[in-house]
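Beneath this line is the structure, given in structure tokens, with notes to follow.
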Amino acid sequence: MIYNKLIENVFLPIGDFINKSSYLKQLKYWREVDTLSERELEDLQKKNLKNILEHTVNNVSKYKSIQLEGNDPYKWLESFPILTKNDIRTNADNLLSRKVTKTDLITYSSSGSSGIQSTVFMNKEEQSNIRAILSHWWEWSGYKLGNTVVQTGMSPNRGVLKTIKDGLFKTKYITAFSLTEEQLASLFKEINNTKNYYLAGYASSLNIIAEYALEHNYKVHFKGAISFGDKMFSHYKKNIEKAFTTKVYDTYGCNEGFLIASEKDLEYKYIMTPHVYLEILDDDNRPLQDGELGHVVVTRLDGYSMPLIRYKIGDLAIKLPKEKYPKNREFKYPLLEKIVGRDTDVILLSQNKKLTVHSFTGIFEYVPEIKQFKVIQEKKGEINIEYIKDTGFNKGVLENVTNELQKYILDDDFKIHYTEVQFIAASKSGKPQIVESRLLKNNNIK
């Protein structure tokens, strides 16, 4: 408890001062927002929506022709077109506010779960806010800054500053790119029979850790497990809760700067309405009733540098009808009933080694010469990568991708094939699928 206070009262203010950020201020703000009534949350969202839309039509060239009539921001929103990943990829400059300079902004690049690379921009204040919301969601699990945590992530080379940060925040960091027998054995040798850690990371990687613990009968209790980055399937959650006698707190967002919803005390997720306006639309972009399945379209209410208005992120979801709200819910945020997506398949390698979807997105994120890709595994020992070329493509691009993948595969006999295609079809859920394992379908797993 003393160390937690030291982190918040000493180290975080120093960090904000050095980085010229406002992380701690934003974190305290979201703690206060949790206490608001349903009406107060609705009023706050409406005010934030009004402000961002007025700013957008006055400062962003893409929307300069839109006229805002009347005083209802929800009606205003209907006049904005749907924004796609391809719009961001090809038209980013026209989405920036004229009040900012790109060189002064922070870039967030993402292949996303669609496999289409996109880059968005934000300033330090906006970055501080999304980091604060994510930290606050961690607090919903009982975690406090400075508690010990095992975290999976996409930055295996931590460097000096991140290594210092990991030590300061008592973080045992392991890569989500590839989880080998050696990595997992080393992890459990360190934490076996402990009860003081939290667990956080990509859902698919947490599941792999849980499967390993169950297989080897390790006795580890995590105080809480926070998942992010990909879909937390029910069998993942069962494995994690069984392996570690803990509760899973699943979060939902996307790397373009949206922290959409998170679990707390319910099986449903609380929607962060002061930060995001969430629409559920049909195939013709018409609004659906709560309880109906449709496309997720989001508007960030605090992203003024590069306003993302009515951004279609590629997921399908259902809002919980209000008549089904639990009577004793802890917060008054509206509720998201269900997120529908494709199973984030795992690629099986030799010697029980596995690669998650992040093994590939973490590489293709930095390959702008490939517009879209999909990884297919028909049988063990090989994969086929379908790809759509983009500007600047040459044969050396594929050689570089192979070299990067081999850093995690570590098996010269594993075959990586490439097939150039003109189109990559979406999955049955309507969402493009980055990794498709056909091993079970083809009875190739015994």
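Here, each number is a calculation from the coordinates, and none is a lab measurement. Just so it is clear, the model here is predicted, and its values are computed rather than measured. Heads up, the Cβs are rebuilt from the backbone with ideal geometry, glycines too, and the neighbour counts pull from every protein chain shown.
Picking from Glu378, Glu256, Glu126, which is most flexible by a Gaussian network model of the chain using Cα springs under 10 Å?
Highest fluctuation of the listed residues: Glu378.
Give me Leu301, Leu24 sorted ascending by neighbouring Cβ count inside 10 Å, so fewest comes first.
Placing the least packed residue first, the sequence is Leu24, Leu301.
Residue by residue, what Karplus-based ³J(HN,Hα) values in Hz, rounded to whole numbers, does segment 59-76 have, using 6.51, -1.76 and 1.60 with θ = phi - 60° and x for Gly and Pro?
With coefficients 6.51, -1.76 and 1.60, one gets 10, 10, 4, 4, 10, 5, 8, 6, 9, 9, 10, x, 10, 9, x, 5, 6, 4 Hz.
With viscosity set to 0.692 mPa s and temperature to 37 °C, compute the Stokes-Einstein D of the chain, Rh being the Kirkwood radius across alpha carbon pairs; µm²/s, no decimals.
142
Starting from the Cα of Asp265, move 7 Å in the Cα-to-Cβ direction to define the label point; list residues of segment 124-163 whose amide nitrogen is under 15 Å from there.
Within reach of a label on Asp265: 140-142.
How much of the DSSP beta bridge set in segment 88-217 is antiparallel, as a percent to the nearest 5?
40
Taking neighbour counts of Cβ atoms within 10 Å as a proxy for exposure, in what order, fewest first, do Phe364, Phe393 appear?
Lowest count first: Phe393, Phe364.
Search the structure for amide H atoms under 5 Å from the amide H of Lys319, placed 1.01 Å from N in the peptide plane, and list their residues when 5 or more places away or on another chain.
For Lys319, whose amide H was placed from the backbone, the distant partners under 5 Å are Gly291, Glu292, Glu337.
Return the single residue from Ser205, Ser262, Ser97 with maximal mean-square fluctuation; model: Gaussian network over the chain, springs between Cα atoms under 10 Å.
Most flexible of the set in this elastic network: Ser97.
If each of Ile416 and Thr163 carries a label point 7 Å out from its Cα toward its Cβ, how far apart are those two points in nm?
2.7
If each residue's Cβ is checked for other Cβ atoms within 10 Å, how do Ser234, Ser359 rank with the fewest at the top?
The most exposed by this proxy come first: Ser234, Ser359.
If you take the C-alpha gyration tensor of segment 347-437, multiply each eigenvalue by 5 and take the square root, what semi-axes do you get, largest first, in whole Å?
20, 17, 11
Taking the dipole about the Cα centre of segment 347-437, with the C-beta of Lys and Arg at +1 and of Asp and Glu at -1, give me whichever of Gln433, Val401, Ile385 is farthest to the positive side.
In segment 347-437, that residue is Gln433.
Do the sum for the chain: with -39,500 (n - 2.57) for every DSSP H run of n ≥ 4, divided by all residues, what is the mean residue ellipticity at 222 nm, to the nearest 500 deg cm²/dmol?
Counting only the DSSP helices, I get -10000 deg cm²/dmol.
Of Gly314, Gly392, Gly229, which is the most mobile in a GNM of the chain whose springs link Cα atoms less than 10 angstrom apart?
Among Gly314, Gly392, Gly229, the largest GNM mean-square fluctuation belongs to Gly392.
Ordered by residue, what ³J(HN,Hα) values in Hz, to whole numbers, does segment 381-397 give under the Karplus form 6.51 cos²θ - 1.76 cosθ + 1.60, where θ = phi - 60° and Gly and Pro are x?
Once rounded to whole Hz, the list reads x, 7, 9, 10, 10, 7, 8, 10, 5, 10, 4, x, 5, 8, 4, x, 4.
What's the extension gain from Ser61 to Ser234 if we count 0.36 nm per residue and subtract their Cα-Cα distance?
57.9 nm
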